[in-house]
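Okay, so here's the structure we're looking at.
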Amino acid sequence: MMNRISEIPALYDSMIQAEKYYFSDVKPSQLEENLPVVYSITNFKTGMVLYVGKTTRLRRRLYTNHLMGSLNTARLKKYLIDDPEVSEVVDLDSAKKYLKANCYFQYVAEYDMRKRGQLEGLFSFILNVKYVDKEH
């Protein structure tokens, strides 16, 4: 078994140094549709990483689902609505406004499905993500 601990600093750097896309400014045309990534969503006012996820369809997940989507397609909005610490978010519309006023996302491309899953867990841990999906 190979010791991969030495890879963690470079992986961490790849995420935190990735381009930032602010929800207030991002346009769908800026994002590739069929790009498999691991991504983080951060509140730039507090520096807190709110969510880490993975997807094979970057544009649909980050723009269409997280920003424009319903509670069925954007778990982060549900987490924000249910969070008593975020009192200004009470419904779908205020969750969208919150993302636009406070958040950006970053991502790293990863084509290997297994490694995407591993990176999602690793980034959730090392970035100290606030909201984590419930286990099935």
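The values are calculated or read from the model by the stated rules, or taken from the named source; none is laboratory data. In this text the structure is predicted, and so the values were computed from the model without any measurement. Every residue, glycine among them, receives a Cβ derived from its backbone with ideal geometry; neighbour counts consider all protein chains shown. The accessibility values were calculated without ligands, DNA or RNA, using every heavy atom of the protein model including side chains. Shrake-Rupley method; radii C 1.70, N 1.55, O 1.52, S 1.80 Å.
Here are the numbers:
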quantity: Among Leu62, Leu71, Leu11: highest mean-square fluctuation, GNM of the chain, C-alpha pairs under 10 Å; calculated: Leu11
quantity: Carbon/sulfur fraction of accessible area - the chain, other protein chains in place, 1.4 Å, %; calculated: 53 percent
quantity: Under 5 Å, built H, 5+ apart or other chain: amide partners of Leu35; calculated: Leu58, Arg59
quantity: Bins of 10 Å from zero: percent of alpha-carbon pairs in segment 1-126; calculated: 13, 45, 32, 9, 1
quantity: Cα-centred dipole magnitude for segment 1-82, charges only on beta-carbon of K, R (+1) and D, E (-1), debye, nearest 20; calculated: 320 debye
quantity: The chain: calculated mean residue ellipticity at 222 nm from DSSP helix runs of at least 4, using -39500 (n - 2.57); calculated: -9000 deg cm²/dmol
quantity: For the chain: relative contact order, % (alpha-carbon pairs under 8 angstrom, 6 or more apart); calculated: 34 percent
quantity: Accessible area per residue, Å², the chain with all protein chains present, probe 1.4 Å; calculated: 60 Å²
quantity: Over 13 Å [Cα-Cα, segment 19-86], rounded percent; calculated: 67 percent
quantity: Distance in nm between pseudo-label sites at Gln17 and Thr73 (7 Å out along the Cβ direction from Cα); calculated: 3.5 nm
quantity: Isotropic mean projected area of the C-alpha convex hull, segment 1-52 (nm²); calculated: 5.3 nm²
quantity: 10 °C / 1.306 mPa s Stokes-Einstein diffusion coefficient of segment 83-136, Kirkwood radius on C-alpha pairs, µm²/s; calculated: 116 µm²/s
quantity: Length gained when the stretch Gln118-Ala101 is fully extended (0.36 nm per residue, less Cα-Cα span); calculated: 3.1 nm
quantity: Ile41, Ile8, reordered so the largest accessible area comes first (probe 1.4 Å); calculated: Ile8, Ile41
quantity: Distance between modelled label sites at Asn128 and Val90, nm, 7 Å Cα→Cβ extension; calculated: 3.1 nm
